[in-house]
Amino acid sequence: MSIRAFDATNAYTQALGRSVGGAGDTLAPEPSGTASAGSFGEMLGNMFDTAVEASRSSEAVTAQSIQGKADLIDVVTAVNNAEMAVETLVAVRDRVVSAYQEILRMPI
């Protein structure tokens, strides 16, 4: 299983670009080989899948390290990628909840 070091960074950049620049505008181009998210739900699903994959990679590299088959730097990198992916999901969730609460406070 290969570790894609920039998955979490790309997910964060794409999410930030969508929240700041509006639909379609991103701060960085999407990596080649990935489909553009057609809806907000699909984007969240892709981000969740990225976080899960980063966590699985982190666990696999940690297990390899315990067996003496991986370096400590690989473990640190994998754990850091998983942490960034989860923090990105939490930040997006917080923004969505905040926006929903703002909508609820709007007078009718």
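Structure notes:
- Each of the peptides 74-84, 88-98 was scored by the mean count of other Cβ atoms within 10 Å over its residues; in descending order, highest first, they stand as 74-84, 88-98.
- Given a 1.4 Å probe and the protein chains as shown, L44 ends up with an accessible area of around 60 Å².
The values are calculated or read from the model by the stated rules, or taken from the named source; none is laboratory data. What you see is a predicted model, and the numbers here were worked out from it, not measured in a lab. Neighbour counts run over all protein chains shown; Cβ positions are idealised from the backbone, glycine included. For the accessible areas, the whole protein counts, side chains as well, though only heavy atoms, and no ligand, DNA or RNA atoms are used. Shrake-Rupley method; radii C 1.70, N 1.55, O 1.52, S 1.80 Å.
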